[in-house]
Structure formats: C-alpha cells, structure tokens
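Just below is one structure, and these are the notes that go with it.
The values are calculated or read from the model by the stated rules, or taken from the named source; none is laboratory data. This structure is a prediction, so every number in the text was calculated from the model and none was measured. Here Cβ is always computed from backbone atoms with ideal geometry, including for glycine, and neighbour counts include all displayed protein chains. Heavy atoms of the whole protein, side chains included, go into the accessibility calculation; ligands, DNA and RNA do not. Shrake-Rupley method; radii C 1.70, N 1.55, O 1.52, S 1.80 Å.
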Amino acid sequence: MINWHVILHICSSEIQYLYLKRNFYRIPTQRLIILRQYPLLYVLTTIYTYLPTQNIQSTNWMTMRFKPPPPDSPIGWRVEFRPLELQLTDFENAAFVVFVVILTRTILSFGLDFRIPISKLDENMKRAVKRDAVNTEKFHFRKSIIPGDDDETDGVTSMPNDYDEMDLDTIMNGKGAFPGVIPLMKMYVNSLEVDVDTRCTIQQYLKLIQKRASGELLTTASWMRKFITSHPDYKQDSVVSERITYDLLVACDRIGNGETCAELTGTLSSRTTRDLLSCPIPQAVKRKSESEESSTKHSKQN
C-alpha cells in the first residue's frame, strides 16, 4: 500500500506555491494530487486506500492502463486499452473490439515487445491529436517487436536504437524489414482452428483497420471534416451553422442505421456473410451464444 500524502508532479511553481501556502499538505484527511498541471483534490477518510491509485491511473495514462486487483475481489491484474472511440456503425465498432482482442492474444502468443520510453509515448500522443495525424504524422515505435530479432537489446532496458519514427501505415501494415502489427495478427488467426465464416469476418475487420491506417479509407473525423467543408452552406469561415449540423447528424444517423458509406468502410465482401454491416457478429459466435442461452434455459427448467 502507498501512503498518499502530497504528490506534486510536473506542475508550475505558482500552483505548488498556492497549494503549499494554503497548508493543504498539513491536513491529515485531505490529499492533494497534481498530475499534468490539473490539480485534483481528494478528501479521504484514511491514509491507506485503493482509490487514489485508480485516480492517478485515470489521469496519467492515456492509451493503456495497468489496473491492479480491486480489494476483496478475485479479479487479477489487468491491462486496459483506452484510446478507442465510438464509431458510426456496428461493423466499425465490432472491428475495433475484435482488433484489440486479437492483438492481446497475438502479443501473448508471440511474446511481442512494444516497449518504448514513456517520454516517447507522450510525444506520440501530442502528434496523434493533430489533424489528419493518421496520414501526416510519424510515431515512435519499437523496431524489433519479435523476441530474438534484435541482439542489441538486453531485453530489459529500451535503448535509443531500439525504436524509430514510423508512419501508421508502416506500424500497422509493415514495410521492409518491419513485419507490421496486423500481418502478425493474421499469422496468429491462421494458426487457429476457426470456421470459414469467422475467418472471413475477422479478415474484413482487419482489412478495415489496414485501410484506415494506409489512408485508403477515411477516419470518422476526416469524413466529418470533409462533409462540413464540402457542404453548400459552409463559407470557409470555420462557422458550422445549424443547417450543416442538422445535415451532418442526419447523415450519421443514416450510416448508423445501415446506409453504406464507401469512404468509411469500403466495399465489404464475405463468402458466407451476406451483409456484415447489418450482421457484424460472426455466425460461430452467434451459434455459441445461442447454445449457451439454450443450456441456461434448460438448466432453469430442470
């Protein structure tokens, strides 16, 4: 357990002076936590508590979160993927969820190593929030993610020559000696015994993310910007009128309810799934779910 008293982290001298002058650190039941220049004051009844750990994790980790086991719970240690955003269609949301699940299994199966210094991760986040970053920015990423590919690293410390700047297309799809994350995920899927329908559906999901990373398909943000800037009422003055907003929401609603938008999802095809947009769940998963529900109902009846 940690004795959380006063944590002043990367905050301006003015903020430090203000809070220390007020003698916050001398109040035994109050703890001051300042992270990334955002002051957060928590009133706690005890010095030793699990809550501040979660609060610090929530404010400090933007892409992944290392979650310790909750008190008095059988849940073990967890790693949470955090940077995903809600998409317009069920197909897109299913694609990203499945992507994360398969990525975790690929990491565990192949022992992939994505470690880079946190300072480089912070720099990546600054670049990632820029407009059209998926196509214009480069990100710090480890050059050798497969164990044994690089004899220069000691396996413990990440050295400057262990990582490089790559565009998202290279990171996801691979280029030259770098294998790419998604090709490794496909290798993992191919090593499994899955039916044709599930395999085809997974391929559609991964293809969507591959094309988003390469710039062949628009991200939701890029599509929205394009919709607004090409709207007849837009005057190139950064003013989004009520009419433009209404038309955008109507278009989003139509896409969310099944209208095809090739700029966002491309052309979908599958040997056994007629319409992935309206049926984004693999048939194998549906059959398993239906079987479990049937078993549950049978057990209750008995």
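How much net charge surrounds Val79 when only the other residues with a Cβ under 12 Å from the Cβ of Val79 are counted, with Lys and Arg +1 and Asp and Glu -1? Residues near Val79 contribute +3 overall.
Taken one residue at a time, the phi angles of region 194-206 give Karplus couplings (6.51, -1.76, 1.60, θ = phi - 60°) of 10, 6, 4, 4, 4, 4, 5, 5, 4, 4, 5, 4, 5 Hz. Gly and Pro are set to x.
Residue separation of His231 and Val196 scaled by 0.36 nm, minus their Cα-Cα distance, works out to 8.4 nm of gained length. With all protein chains in place and ligands, DNA and RNA left out, the 1.4 Å accessible area ranks Lys211, Lys143 as Lys143, Lys211, largest first. Prolate is the label for region 106-146, because a/c, from the alpha-carbon gyration tensor with a ≥ b ≥ c as root eigenvalues, is 1.5 or above and a/b exceeds b/c. Between Leu108 and Ile75, the simple label model (points 7 Å from Cα in the Cβ direction) yields a spacing of 1.7 nm. Distant-in-sequence amide contacts of Lys67, defined by a placed amide H-H separation under 5 Å and a gap of 5 or more residues or a different chain, comprise Arg78, Val79, Glu80.
Near Gln87, the amide H atoms lying under 5 Å from its own belong to Asn93; only residues 5 or more places off or on other chains count, and H is placed 1.01 Å from N. Protein-only accessible surface at a 1.4 angstrom probe places the residues Asp162, Asp169 in the order Asp169, Asp162, largest first.
Taking the square roots of 5 times each eigenvalue of the Cα gyration tensor of region 108-252, largest first, gives ellipsoid semi-axes of 36, 23, 10 Å. Pairs spanning more than 18 Å between alpha-carbon atoms, out of Lys186/Lys207; Lys186/Lys211; Lys126/Lys207; Lys67/Lys138; Lys130/Lys211: Lys126/Lys207; Lys67/Lys138; Lys130/Lys211.
Extending 7 Å from the Cα toward the beta-carbon at both Leu248 and Met64 defines two label points whose distance is 3.3 nm. Taken along the Cα-to-beta-carbon direction at a fixed 7 Å, the label points for Leu121 and Ala177 span 2.6 nm. Counted residue by residue at 0.36 nm each, then reduced by the alpha carbon distance between them, the extension gain from Ile146 to Ala262 reaches 38.3 nm. Taking amide H atoms as placed 1.01 Å from N in the peptide plane, the amide H of Leu217 lies under 5 Å from those of Arg212, each 5 or more residues away in sequence or on another chain. A 1.4 Å probe run over region 164-208, with the rest of the protein chains in place, finds 45 Å² accessible per residue.
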